[in-house]
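Notes for the one structure printed next.
Bear in mind these aren't lab numbers, they're just calculated from the coordinates by the rules spelled out. Please read these numbers as outputs of a predicted model, since none were measured by experiment. When we count neighbours, we look across all protein chains shown, and the Cβ atoms used for this are built from the backbone with ideal geometry, even at glycine.
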């Protein structure tokens, strides 16, 4: 009797492992929409506390056996940061803003360590470019002012780690940490198509 019960138990476990469905599989399309914090490249001292908006998508492409899956996709990010500074005895105050956008392609490796349809852990790399524009208006004590504007762009390489928790088959939450783009931390909603 013990052998029969043990055989049924082992067979059931093997069957479960063979049919286990991961959160992210080959052919899946998944989107993240979230807020980011930790912008450090803008000139405003308070920009690290200003939230950014991030949208990313990825497509499951290359299975890596039982270890996981490689996906390819992209991310678009935007941040608007107001700027204010009391300058010195000549300039009364400075007002303005920084506006930044980042566009990048990304590749991620999703590790199938949980053997679960609820959890997804991934790490990846990205590259693209970032465009930033700024404006400063200097208000002088003699009631005159001067406005300066400018913009610059740079090439970015990003690395990130993240995870998803699915609350249903097509909806869940995500969190990422990594450098590049316009923020170093991102949290939000994830959608599976």
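I want to check the label-to-label distance for residue 143 and residue 72. Put each point 7 Å from Cα in the C-beta direction and report it in nm to one decimal.
With each label point 7 Å from Cα toward Cβ, the separation is 6.3 nm.
Using per-residue counts of other Cβ atoms within 10 Å, averaged over each peptide, order 155-167, 101-113 from highest down.
Descending mean neighbour count gives 101-113, 155-167.
To the nearest 0.05, what FRET efficiency results for residue 62 and residue 154 with a Förster distance of 35 Å applied to their C-beta separation?
With a Förster radius of 35 Å, E is 0.70.
Order 181-190, 29-38 from most to least packed using the mean count of other Cβ atoms within 10 Å.
181-190, 29-38
Relative to the compact-globule scaling 2.2 N^0.38 Å, provide the ratio for the alpha-carbon radius of gyration of segment 74-138.
Ratio of Rg to 2.2 N^0.38 Å for segment 74-138: 1.88.
Based on the alpha carbons, how large is the Rg to Rh ratio for segment 22-192 when Rh follows Kirkwood?
1.14
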